[in-house]
1. Are there any pairs with C-beta distances below 9 angstrom linking a residue in segment 165-191 that is on the phi > 0 side of the Ramachandran plot to a residue that is open to solvent by less than 60 Å² (accessible area, probe 1.4 Å) and among the small types (G, A, S), with the two at least 6 apart or on different chains, and if so which?
2. Would you mind finding the one in V354, V304 that is assigned to a helix (DSSP H, G or I), open to solvent by less than 10 Å² (accessible area, probe 1.4 Å), farther than 30 Å from I58 by Cα and modelled with pLDDT of 85 or more?
3. Name the residues in segment 103-129 that are of a type in the set (V, I, T) and part of a helix (DSSP H, G or I), would you?
4. Looking at (1) under 31 Å from the mean Cα position of the chain (by Cα); (2) open to solvent by 30 Å² or more (accessible area, probe 1.4 Å); (3) closer than 30 Å to D53 by Cβ, can you tell me which one P271 breaks?
5. Going through segment 23-52 one residue at a time, which ones are under 15 Å from the mean Cα position of the chain (by Cα), farther than 12 Å from R237 by Cβ and not in a loop (DSSP other than H, G, I, E, B)?
6. Listed residues T235, T241; which is surrounded by fewer than 23 Cβ atoms within 10 Å (Cβ to Cβ) and among the hydroxyl-bearing types (S, T, Y)?
7. How many residues, within segment 237-265, are among the β-branched types (V, I, T) and more than 27 Å from A318 (Cβ to Cβ)?
8. Those residues that are more than 20 Å from L61 (Cα to Cα), buried (at least 16 other Cβ atoms within 10 Å of the Cβ), at pLDDT 80 or above and not hydrophobic (A, V, I, L, M, F, W, C), I need them from segment 105-126; list them, please.
Amino acid sequence: MTIAQPYPRRNSRVVHLGKVAIGGDNPISIQSMNNTRTADVASTLAQLNALADAGAEIGRLAVANRLDAEALAQIVPRSPLPLVADIHFDYLLALAAIRAGVAGLRINPGNIGGKERVTQVALAAQAAGIPIRVGVNGGSLEKDLRKKYGGCTGPALCESALRHVEMLEENHFFDIKISLKATSLPVMLSAYREVAKVCDYPLHLGVTEAGLGEDGVLKSAIGIGSLLSQGIGDTIRVSLTGDPLQEVQAAQKILSLLDIRRQGFSFISCPTCGRTEIDVEGVALAVRRALADVMPPRPLTIAVMGCAVNGPGEAADADVGIAGGKDCGLLFVKGRTVAKYPTEQLAPALLQAVDKLLKE
């Protein structure tokens, strides 16, 4: 894995979730949230291990009741990831989660039960040395702010977040992260841009209720990617319906495509046109499927190109690539032409060259 910072980062203070530092010049971290019942210790730990193996660096668990809170005592010491307890409405659950040793809390101070209870949570988190994420969502925006701004808008979410932050600051608590999530991309983008201008707390990026599969990934990539390209954002979660492993894979892809944090394979293939001389789609699919479960020790770029216009240049710029000609193609490795193959041998030859690079 390589870490780069191609976009000037917004200056933010640093908080720590266990050993993961968030904010400042620290790498943008990847989060996900279990969809298991937290009280089901075995299932929750199994999914946390799977998320860690997939590349997640921070886990989050819903703590909805006493049984969930009690389960944390068994989960926290065995978790491969630092854990954030996601809590609404009941401050006693937040206190129980802190006692269980979680690395952080996600709450809305405004719905945790009044100033006295916010104070108790803030003091307990401060004593434990853990941060609190103030997380506001478009779906739960306060009625007075909806009225003031004429609905759920970016400035409304920003004011909501700062209102909640102030409740913590009044207790001299400043280990804070902020998220301002909305399902509307214009609202989400506006909210993060607004809050980035007025405070230096680290920001947790995400598009809430992004949806299923490709739609959710695309929506998240636009929202999260737009902000990251402006230097806004310190940790990300892609919120998808279904298996949270998809979230980690999508987050990795977003960071990789922005050249912020490259890892795994980057695939380049031409869009095909009337000049295409080989089955670009067939070769590219065969290569991608063959490498689907392979994680290279360093980032590798693979190119499958179909004609002589951009093909040789793109293939030569990749770690391994092919440029198609009539019923054949050239194989490039590290910028050098190494062989010529008939079409049916292109995918096997490319995969063999990748395998050789992986063994070096």
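1. From segment 165-191, the pairs are H172/A122.
2. Details: V304 fails: assigned to a helix (DSSP H, G or I).
From the options V354, V304, the qualifying one is V354.
3. Taking segment 103-129 and keeping what is of a type in the set (V, I, T), we get 107, 112, 118-119, 121.
Matches in segment 103-129: V118, T119, V121.
4. It fails just one condition, (3).
5. A52 - this is the single residue of segment 23-52 that is under 15 Å from the mean Cα position of the chain (by Cα), farther than 12 Å from R237 by Cβ and not in a loop (DSSP other than H, G, I, E, B).
6. Values: T235 fails: surrounded by fewer than 23 Cβ atoms within 10 Å (Cβ to Cβ).
One residue alone meets the criteria, T241.
7. Pass one, segment 237-265, residues among the β-branched types (V, I, T): 238, 241, 248, 254, 260.
If we keep only those that are more than 27 Å from A318 (Cβ to Cβ) as well, we get 241.
The qualifying residues number 1.
8. R117, T119, Q120, Q126
The values are calculated or read from the model by the stated rules, or taken from the named source; none is laboratory data. On a predicted model such as this, the values are computed, not experimentally measured, just so you know. In this analysis, Cβ positions are derived from the backbone assuming ideal geometry, glycine residues included, and neighbour counts consider all displayed protein chains. Remember, those area values only see protein heavy atoms, side chains included, never the ligands or the DNA or RNA. Shrake-Rupley method; radii C 1.70, N 1.55, O 1.52, S 1.80 Å.
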